[in-house]
Every structure is written in structure tokens, then in C-alpha cells.
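Everything on this sheet refers to the single structure shown next.
The values are calculated or read from the model by the stated rules, or taken from the named source; none is laboratory data. Worth saying up front: this structure is predicted, and the values here are computed from it rather than measured. As a convention, Cβ positions derive from the backbone with ideal geometry for all residues, glycine included, and neighbour counts pool all protein chains shown.
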Amino acid sequence: MKFEEATKRVESGEFTDKFRILKLAYKDGLTIAHMQVVNGWRTENRKVLALADKYGKSVAHIQAHQGWTTEDTRILKLADKSGETVAHVQAWRDWTTEDPEILKLTNSDGRSVAHVQARKGWTTEDPEILKLTNSNGRSVAHVQAWKGWTTEDPEILRLADDEGNTVAHYQAYRGWTTEDPNVLALANKEGQTVAHEQTLWSSWIINDPMLLKLANARGIPVAHVQAKHGWTTEDQEILDLVDKEGQTVADIIDRYGKWRRSKEQHGVS
């Protein structure tokens, strides 16, 4: 039987389990098996599941896109030319695994199956898995932190992506706080510290002069950020801290204090 005839049979709803027909392929490598799967047919035959088009998309990939799952490690490892495995596809559809070997599978961007699972809300405490990074240096721990997970492990908190943003930065962005000066001083490539993020995204306040003086690439110290949130100080050295635009902490306290008083006078909450 030729490909064209087999195609017509599939289009009419007639399926086959004969491998000699299932492997018949169009010039782009798309097989009769691929076509049958698109039309609702399923198989558990490893040989058929491994049939792939010229892009490396296997029959198993297509089945997984449609909600089918497998625990067969040989099938889970099948990868297309971008490195996307069947396990990646299943993970995007909320399937999970705890198998370290599968969790470490990566595509051409370095995105592991663990990264995908974390994006979907799964979490792990395994340091080896948490440290897996994609091509941007973003670890599984970064993804978990973005979704609201937290850790107090100093080693994990210090993991940084290519922009220098640590897991601690991500956690602080979600409202987490710490009093550890070593963690608070962690800075990304723009000089933005964890202390900046905590002050910006929570009601956390620090009075440690050393931390208040920490400045980002724009010369904005932590004290400036706190001052915008209503914090004040009598420490003249801190009041005189100036950013690259010439604004001091005292200027900010005065300006934002007047703004708040104006809102109160007009009954604006």
C-alpha cells in the first residue's frame, strides 16, 4: 500500500496496526502513524511511538500533546530536534515525575523537565534538582520562588541567573523577608540588592546604616526606597545620602511627606 492510499483510509476513519503501513511517510517524515494519532488513534507499541518526522517529532510526542501519558523511560527520553522530550510535553500537561534522570532532561534552551514541572506548580527540596539551570542561568529554584515557594538555604538563596538576580531576589519580590545581612547585600548586575527588593515589595524596614547605604546602578540607596514608603530617620549621614540625580533622602522624606499630608487633607486613602 502506498502513502496516498493509506492517507485516504485514515481520513475516512479507517485505522491500522500494521507497522509496514504505519511507517509509510510523506517527504517531511510525517507517517501514517502520526496521522492516525491526530485523528484519535492511540498506540503503546514502542516501535511505533518512536517513529519521527524530519523535525524529530515522534508519534509519542503527538500522543502526549493530546493528553496521553507514559511512564516508559525510553519513550519519555525521545527528543525532537529542539531537544524537547516526550517528558517535557507531558509535564506541560500537568504530568509529574520524581525520577531524577527524567527531571534532568533538557531541551536546546537548557530547560529541564523539572523547570516545566515547577512552572506548573510542582516543587522539590532536592538541592541537585533546584540547581539545574536553563540557558539564561535561571534555576529550578528561581522558577519555584517565582511561584511562591520559599527556602532559607543560604546556598540556594545565592543562586543567580545571568542578570545576577538571585533566588533571594525572586523570593523578596513575592513578599518574603530576611534579616540576614549577607543575603540582604546580594546584588544583581544593576546593583539592585535583596534589601532594595524587600523594601520595595513589603512593609519591611531596616535601620542598619550599612544596609541603608547600599545603592544600585542608578545610585539609589535602600534608604531612598524606604523614605518613599513613609519611613523617616534623624541620622544626618543617612539623610544626606544622594542619588545620581542629586536627590537626598531628606528631599524624598520631605516630598513624600507633603504628598501624604495633601492626600489626607483631601480625604484620599
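Name the residues in the range 53-94 that are surrounded by 23 or more Cβ atoms within 10 Å (Cβ to Cβ) and touching a strand residue (DSSP E or B) at 6+ places or on another chain (Cβ under 6 Å), would you? Those that are surrounded by 23 or more Cβ atoms within 10 Å (Cβ to Cβ) and touching a strand residue (DSSP E or B) at 6+ places or on another chain (Cβ under 6 Å): 58, 78, 85. Taking residues in the range 161-173 that are under 11 Å from residue 138 (Cα atoms), and partners anywhere that are at pLDDT 95 or above and among the β-branched types (Val, Ile, Thr), the pairs with Cβ atoms closer than 6 Å and at least 6 places apart or on different chains are 167/156.
Residues that are over 14 Å from residue 144 (Cβ atoms) and of a type in the set (Phe, Trp, Tyr) within the range 91-126 comprise 92, 95, listed in sequence order.
Residues that are assigned to a loop (DSSP other than H, G, I, E, B), surrounded by 15 or more Cβ atoms within 10 Å (Cβ to Cβ), hydroxyl-bearing (Ser, Thr, Tyr) and touching a Leu at 6+ places or on another chain (Cβ under 7 Å) do occur in the range 14-24. Restricting the first member to the range 183-206 and to residues that are surrounded by fewer than 19 Cβ atoms within 10 Å (Cβ to Cβ), and the second to residues that are part of a loop (DSSP other than H, G, I, E, B) and of a type in the set (S, T, N, Q), the beta-carbon pairs closer than 8 Å and six or more apart or on different chains are 190/216; 191/216; 202/177.
Residue check: residue 248 meets all listed conditions (1) at pLDDT 95 or above; (2) surrounded by fewer than 13 Cβ atoms within 10 Å (Cβ to Cβ); (3) polar (S, T, N, Q) but one, namely (2). Out of all the residues in the range 120-178, which are within 20 Å of residue 201 (Cα to Cα), polar (S, T, N, Q) and touching a Leu at 6+ places or on another chain (Cβ under 7 Å)? Result: 151, 166, 178. Residues in the range 25-52 that are charged (D, E, K, R) and assigned to a helix (DSSP H, G or I): 46, 47. Just one residue in the set 152, 128 is part of a helix (DSSP H, G or I) and more than 12 Å from the chain's Cα centre (by Cα); that residue is 128. Filtered by the rule that a residue be in a strand (DSSP E or B) and within 19 Å of the chain's Cα centre (by Cα), the range 155-196 gives 160, 166.
Answer yes or no: is there a residue in the range 38-52 that is within 30 Å of residue 121 (Cβ to Cβ) and charged (D, E, K, R). Scanning the range 38-52 turns up at least one residue that is within 30 Å of residue 121 (Cβ to Cβ) and charged (D, E, K, R).
Part of a helix (DSSP H, G or I), farther than 22 Å from residue 63 by Cβ and not β-branched (Val, Ile, Thr) - does that describe any residue in the range 101-112? No.
Any residue that is surrounded by 23 or more Cβ atoms within 10 Å (Cβ to Cβ), touching a Phe, Trp or Tyr at 6+ places or on another chain (Cβ under 9 Å) and among the small types (Gly, Ala, Ser) - is there at least one of those in the range 130-144? Yes; the residues of the range 130-144 include at least one that is surrounded by 23 or more Cβ atoms within 10 Å (Cβ to Cβ), touching a Phe, Trp or Tyr at 6+ places or on another chain (Cβ under 9 Å) and among the small types (Gly, Ala, Ser). Just a yes or no: is a residue in the range 138-145 in contact with an Asp or Glu (Cβ under 8 Å, 6 or more places away or on another chain), in a loop (DSSP other than H, G, I, E, B) and hydroxyl-bearing (Ser, Thr, Tyr)? Among the residues of the range 138-145, not one is in contact with an Asp or Glu (Cβ under 8 Å, 6 or more places away or on another chain), in a loop (DSSP other than H, G, I, E, B) and hydroxyl-bearing (Ser, Thr, Tyr), which makes the answer no. In this structure, is residue 206 of a type outside the set (S, T, N, Q) and part of a helix (DSSP H, G or I)? Considered against the rule, which asks whether it is of a type outside the set (S, T, N, Q) and part of a helix (DSSP H, G or I), residue 206 comes out as no.
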